[in-house]
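Notes follow once the structure below has been shown.
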Amino acid sequence: MARKGDKEKEDKGVVWNLKHIFHGDDDPRIEEQKKLILKRSYEFIGRWKDRNDYLKDPAMLKQALDEYERWMRDCGTDGNPGYYFWLRTQIDKNNTGLKAKYNKVEEFSKKIGNDIQFFHLRIAKIPPSLQKKFLAYKGLRKYRHYLERIFAEARHLLSESEEKIMNLKSTTSYGNWVRMTSDFLSREERRVPLEDGRIAVKPLPEILSLTSSRIRNVRDTAAKAVNDIMRKNVDVAEIELNSILANKKIDDELRGMPRPDLSRHISDDIESETVDLLVQSVSEKFSLPQRFYALKADMMGVKKLKYHERNVEYGRIDKKYSYDDSVKLIKKVFADLDGQFAEIFAGFIRNGQFDVYPRKGKGSGAFCVHHLISQPTYILLNHTDKLHDVLTLAHELGHGINNELMRGRQQALNFGTPTSTAEVASTFMEDFVLKEILRRADDELRLSIMMMKLNDDISTIFRQVACYCFEQELHQTFRERGYLSKEEIGRLFQKHMAAYMGDAVEQSAGSENWWVYWSHIRSFFYVYSYAGGLLISKSLQNSVHKQPKFIDKVKEFLSAGLSESPKNIFLKLGIDITDRGFWNKGLDEVETLLQETQELAVKMKKIRKGA
Ligand SMILES: [Zn+2]
């Protein structure tokens, strides 16, 4: 039952128009499409399951892959019904009827997924001697990298029965350990003062966010509470971490992985040499975060920041941006960058691909989603007129533009981005929009925004690389010694935190245990991708600033999807990401911002002189 108000909103393009997929939750085409998906899937399975000619003859493999690609383009395992009900549940979270419908489609999809996975698994088993022949075959050119990725993973796979055991055991040897610590932490509560003056009992996530409060007493008391919670749980975490480090060591030995981070690099489609160079280039510029924290301490009128104070916001950012303001601003930035960006944005608005405002039952946060190559992109926002919301819109649009550029150029099996470069487009757009906002702001606002931006960039680039180095030493030391005490883990942790923060941040007593809640160190070596994505984005920004025509190369990169590894995509554009100069260009952008911020702070007499 659509009320008039809803209709008007829809017309203005601020709620999702899902009619591109179905006309409603009971559209009779939903059942029709499920039947069609079943038919298409089992036709494919029936045709290829009981033969192996396509594993020997490249021409046959091409035929099979063409068919598989068409299936992935038109339906996959859940097609429009899966996408539609997933989207519906995101904007109507409390509707149990919808949840039930979505669960039904999921069940349906899982069954097909299980029945069709033989195809992928058998391709992985093509012997290395034949792989070369397949990769060299002209007819398979458009699937070459798709095959390369399968073969690269297959190199470290065990036999089918061994893989099955690994699978069955992974919950007890890894998952349950990690869950135990996080479950214990999630039960913790402490009485703490809040920003509005009340005192209340709060769980850990809220206490953690209070450690960055502008009010000193609030943040210091919150930090004490965090120290207390970490101290209480550190013995359990010590045993947990040692167990998962041991499990990882066993896995790597069984799979013949010479270094602990290799499995991550393979699954992210990035070469170890590229990650090594990234980590090295960033580590060599740890003087940048060190200068930033010294500046921040100076501006906050203290000699040193305490460990938990490093993210306290400087100044106030209270300018309001309505959704229309945000749209206008971003349209201008996009139009200056490239006409196609602005066109894609206008198309999203025209077709109702945004859901803009918060409302009851709608999920929080923001995302941009794509599913099959044949289905439209949708973007969810929760716009509340803050600066942060403008940047979020730009960020999600970056993902959206990435989708549309890939859609135009790639086959269905290459429609996507590897984790290593998934955030390049989003941060690229975000940063250009922020520059326009800065251009229009007065000095006071500009200084606050620049401090916020530096804080974010430094956490994303330097903190994550420091964490990566911490993980490397953690795994290596564990492998040498066989067990690490909580004191040893704490020492390693503080060593790597101090390395990038420098003298202006105190490694405060108690913070040696703050690794206990850092969930990312349990998803081994994931964090480099945050730093890598943002630095690639900044390096590209740097080139566009110097030479606006470079945007054509950026577009080439954004439309390449999974067709090649990032290294080779860039090589085709004449850019070598295994060259230090590439990463330094990105780091130069951070340095320039730091320099400008410092000069502005001096000009506004917030500090006495430049450091
Ligand atoms: Zn993102």
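The values are calculated or read from the model by the stated rules, or taken from the named source; none is laboratory data. These figures come from a predicted structure and were not determined experimentally. Glycine also receives a Cβ, built like all others from the backbone with ideal geometry; neighbour counts cover every protein chain displayed. The accessibility values were calculated without ligands, DNA or RNA, using every heavy atom of the protein model including side chains. Shrake-Rupley method; radii C 1.70, N 1.55, O 1.52, S 1.80 Å.
Tell me whether region 412-425 contains one or more residues that are within 12 Å of the ligand (Cβ to nearest atom), in contact with a His (Cβ under 9 Å, 6 or more places away or on another chain), of a type in the set (D, E, K, R) and open to solvent by 10 Å² or more (accessible area, probe 1.4 Å).
yes
Take region 473-488 and flag every residue that is within 27 Å of the chain's Cα centre (by Cα) and buried (at least 17 other Cβ atoms within 10 Å of the Cβ).
Result: L474, H475.
Identify, please: which residue in region 565-609 is more than 25 Å from L447 (Cα to Cα) and aliphatic (A, V, I, L, M) and is, among those, most open to solvent (accessible area, probe 1.4 Å)?
Only one residue fits best here, namely L571.
Give the residue that is farthest from the chain's Cα centre (by Cα), with candidates limited to residues of region 279-324 that are within 21 Å of F470 (Cα to Cα) and among the aliphatic types (A, V, I, L, M).
L288
Suppose we filter I577, I536 for residues that are of a type in the set (V, I, T), touching a Phe, Trp or Tyr at 6+ places or on another chain (Cβ under 9 Å) and not in a helix (DSSP H, G or I); which single one remains?
Within the list I577, I536, the selection yields I577.
Would you mind finding the one in S543, S508 that is assigned to a loop (DSSP other than H, G, I, E, B) and either touching a helix residue (DSSP H, G or I) at 6+ places or on another chain (Cβ under 9 Å) or touching a residue at least 12 places away in the same chain (Cβ under 8 Å) (or both)?
After ruling out the rest, the residue left standing is S508.
One residue is enough: does region 443-460 have a residue meeting the conditions open to solvent by less than 20 Å² (accessible area, probe 1.4 Å), within 16 Å of the ligand (Cβ to nearest atom) and more than 23 Å from K285 (Cβ to Cβ)?
No, region 443-460 contains no residue that is open to solvent by less than 20 Å² (accessible area, probe 1.4 Å), within 16 Å of the ligand (Cβ to nearest atom) and more than 23 Å from K285 (Cβ to Cβ).
Would you be able to tell me the number of residues in region 125-143 that are part of a helix (DSSP H, G or I) and surrounded by 15 or more Cβ atoms within 10 Å (Cβ to Cβ)?
6
Any idea which of L157, L208, L147 is in a loop (DSSP other than H, G, I, E, B) and open to solvent by less than 80 Å² (accessible area, probe 1.4 Å)?
L157
Quick one: count up the residues across region 339-358 that are in contact (Cβ under 8 Å) with a residue 60 or more places away in the chain and on the phi < 0 side of the Ramachandran plot.
Total meeting the criteria: 11.
Are any residues in region 321-374 within 16 Å of the ligand (Cβ to nearest atom), surrounded by fewer than 17 Cβ atoms within 10 Å (Cβ to Cβ) and outside any loop (DSSP other than H, G, I, E, B), and if so, which ones?
Selection gives F367 alone.
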